[in-house]
Structures are given as structure tokens and as C-alpha cells.
Amino acid sequence: MQKRRLSFWEIWNMSFGFLGIQLGFALQNANASRILQIFGADVHELSWFWLVAPVTGLIVQPIIGYYSDKTWTKLGRRRPFFLTGAILAALGLILMPNANMFTAILPSLWVGAGMLFVMDASFNIAMEPFRALVADNLPSDQRTLGFSVQTVLIGIGAVVGSWLPYVLANWFDISNRAVVGDIPLNLLLSFVIGAAILVGSILVTVFTTSEYSPEELEKMDDHVKHEVQKEEKKSGLIEVFTDFKEMPFTMRQLAWVQFFSWFGLFGMWVFSTPAIAHHIYDLPLSDNSSETYQDAGDWVGVLFGVYNAVSAVFAFFLPAIALKIGRKSTHILSLIIGALGMLSIYIMPDENWLILSMVGVGIGWASILAMPYAILAGAIPPKKMGVYMGIFNFFIVIPQIINALIGGPMVKYIYGGNPIYALVTSGIAFLIAAILTFRIDDVDEPVKA
């Protein structure tokens, strides 16, 4: 039994929920540091608050991947998980900027950090079952297209999420000013709108996409080159740890590439707002509530939207580029361009020139979201797709945990309190990831045109 080839629009609908997930994720990435600073966090503390995100992913994603492999309901195999995750993430989006409603119980800063935890746990519940769904439903020669379409939708969602506060303030005249300690109205409305789009987009996938049953997947004659897996009967977390120990060689190689890629990304997400406010807008580091600071925060959202827009466009070309020069070479080239974009932030003369920097970052981001998964999907057993996609997340969240632990102290004690050097470090991390990609053995590489 062979997997059915899907039309472009079937692949589009199957991945459409990622638009909402990434919209919510983009709102968080562009604005969480800003919100936490408004609630009283110091710049060198930001990475510690962000620590909840990768720790949550480290725990949640492999468990969710394992149980989604073992689950079959009327709603399917993967769909119950990302629907549940979307609903919980929507609640977190609504409550985080409204954390000062709960000051009678806890300080706003701690409530905001708690909602950041809720959002991250929920995004993780939704995210890996979605990636496993693409690998489940597509034959090998459509996987690069599938993950590229997913990247396009991720880009569209991220653009909308990143630009929402700026658009509401500048196009609809909704105030981005607030008294000290309060969240501006444009930011509050952005998070509510994001929550609604998140749930709606997930429902599109739930109602338009079917899944292969476990019995059908067992019969698949999908040619997968991978290391022989031992068929020992284990249960629960023991099996997850066993699978981790026996992961395919290609996955081990990809792990180091992912490590440095996501170390760099995390530094960019955490420190872009204070870095750009200080380095480009010449604001003192102690300023986290002035009108100029709010303008800088809105502009960072625009810049994040730019790199996501570029990634959405570039993702359309990834399958053709990969077919010409190979998936590995495509990823190397993209990471180098991303590194140059990140490093160029340091030398740009004003905020408008940063758009050019984000073009480079967007090319790197597009490849990070697609190429490693396209390479990985051909190297792991189909019936363990969910658990291995979850385990693969270890190599996304561990570098973020490390950056979260050391990023703030590095800014404070090594960089003299200047967060722009955290972005320079992120660019160097991208270059290291590109170098390590040379070692990867892509066992399921399609024939080049």
C-alpha cells in the first residue's frame, strides 16, 4: 500500500493550522520581552523568564509525540492534540497582557511569566503533532513540498502576528501609549485577535484533513532507509528514552545543526527589543516605558514580520532549489545568508536599514523550518514519526535553555549590559550551524534535476 499523493490545496489545508500557531507564537516572540519589561523585569533577567518556553518543550513534545503515535480516536491521531493545544494557547494569549488583572493574587510580572508558560506548553502540544501529520500523510517525494508549504503558512501567520500591534496603532489609530506599568491598548487587542485566528485556523485543518489509521500506516510500503530498530516491547517514557538512545545517525548529525540554529534564534527573540531600542534608538537601558520605547517595540514587531514574510516567499522556492543543489547545500547557503543578516544589525545606521538585515534572517529562518525536517523524515521509521519528531525537539529546546541560563549573565557581565552583542552572538551561532551541516548524511535525498 502506497501513500496517496496529495494536491497542493490538500497540503495547504492540512498545514493551515500552522498559520494560527505561528501567529500566536509571533505575538509572543515580538512582544513578550516588552510586556515583561513593562511589568518590571530588568533586561538581564529577560532570558530567565523565557526559560519556561524551552523547558516546557523539552518535557511536553516527546511525550505528546509518543502518545499521538499511540492514539486513535474519532477525531484521528494527531488532530486531538493540536486542537487541545490551540484552545489552551488562545487562553494564554488573552490572559498574558491582562496579567495586571490578577495583582490581588500575585504581582503582574509573575502572572505574565505564568501565562508565558501556559502559552509555550500549549504551542508545544500543538506543534509536533502537526509536523508528524505532514510526515504521516505525504510520500517521500512530496515531503519537501509539504514542509515548505508549512513554512509559507508559518510565515504568513508570523507576519500578521508581528505586524498587528503596529497596524492597529498606525492604520486604525488605536493607542500604543499607556501609563507606566500598563499594557498599551493596541497590544491588548492584538493578543485577543491572535487568539481568535489561532483557534479558527486549527479548525480548518481539523475539518478538512483526514489521517491514515495505525493499521493503514503499518501496511505502507514507503521506502525508508534507516537504521534497524529493535522491536522490544516497552511502554511509556521507557520507550521514549530507548528511542532517544537508538536514534538514527542522520538525526544525531542534525542535532548539532539544530543546536546552534536555535541558540541563535532564541537570542534574537529575547534581546531584539532592548538591543534595537538601545543601539538604534539611543535609549538608555533603564527606559522601558517611554513613547520612544513603545515605538521601538512596535518597529521590532514590523521587523519580525519582515523576516517572516521573506521566509514565506522563499519557502516557495525551497523545493526547486533543493532539487537542483540538494537539501543539505540549500540549508548551508540559507544559514550563511541568515548569519550575515543577523550580524549586519550591528552596523546598520538607522531602523529602516534593519529591514535589509531581516531579509537575510528570513532566508535562514525559512530553511530552518523546512530542510531539517525534510531530511529527518526520510531517516526515521514511519510508525515512530511522532515520537522522533518530539525527540528531535530536544535539539531545539536544549540550546534555548542554555541561552536562557547564560544569555542574561553574558549581556550583564561580558557585554557590559549592551544586548546588541547578544544578536552578534546569534549570527555567529548561525555560521557554526552552517559549517556543521556539511557533515550530514541525507539518506533519503531525491534525485537532483
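The values are calculated or read from the model by the stated rules, or taken from the named source; none is laboratory data. The shown structure was predicted, so the numbers you read here are calculated from the model rather than taken from an experiment. Cβ atoms come from the backbone with ideal geometry, glycine included; neighbour counts cover every protein chain shown.
Structural remarks
- F117 vs. criteria at pLDDT 75 or above, farther than 20 Å from S68 by Cα, not small (G, A, S) and not in a helix (DSSP H, G or I): no
- Reported count of residues in region 263-295, each being under 15 Å from P184 (Cβ atoms) and under 23 Å from the mean Cα position of the chain (by Cα), is 1.
- Here is the figure for region 1-35: residues that are more than 21 Å from S311 (Cα to Cα), surrounded by 24 or more Cβ atoms within 10 Å (Cβ to Cβ) and not hydrophobic (A, V, I, L, M, F, W, C) total 2.
- Scanning region 24-48 for residues that are among the hydrophobic types (A, V, I, L, M, F, W, C) and not in a helix (DSSP H, G or I) yields F39, A41.
- Y373 satisfies every condition listed in (1) at pLDDT below 95; (2) over 14 Å from the mean Cα position of the chain (by Cα); (3) of a type outside the set (A, V, I, L, M) except (2).
- Within region 52-92, no residue satisfies the criterion of being part of a loop (DSSP other than H, G, I, E, B), buried (at least 24 other Cβ atoms within 10 Å of the Cβ) and aliphatic (A, V, I, L, M).
- Looking only at region 345-357, and only at residues there that are in a helix (DSSP H, G or I) and without any contact (Cβ under 8 Å) to a residue 60 or more places away in the chain, the one that is surrounded by the most Cβ atoms within 10 Å (Cβ to Cβ): S357
- The residues in region 195-221 that are surrounded by 14 or more Cβ atoms within 10 Å (Cβ to Cβ), at pLDDT below 70 and assigned to a loop (DSSP other than H, G, I, E, B) can be counted, and the count is 1.
- Looking only at region 235-268, and only at residues there that are at pLDDT below 90 and aromatic (F, W, Y), the one that is farthest from Y307 (Cα to Cα): F241
- Test: residue in region 394-416 that is buried (at least 24 other Cβ atoms within 10 Å of the Cβ) and part of a loop (DSSP other than H, G, I, E, B): no
- In region 327-342, the condition of being among the aliphatic types (A, V, I, L, M) and at pLDDT below 90 is met by no residue.
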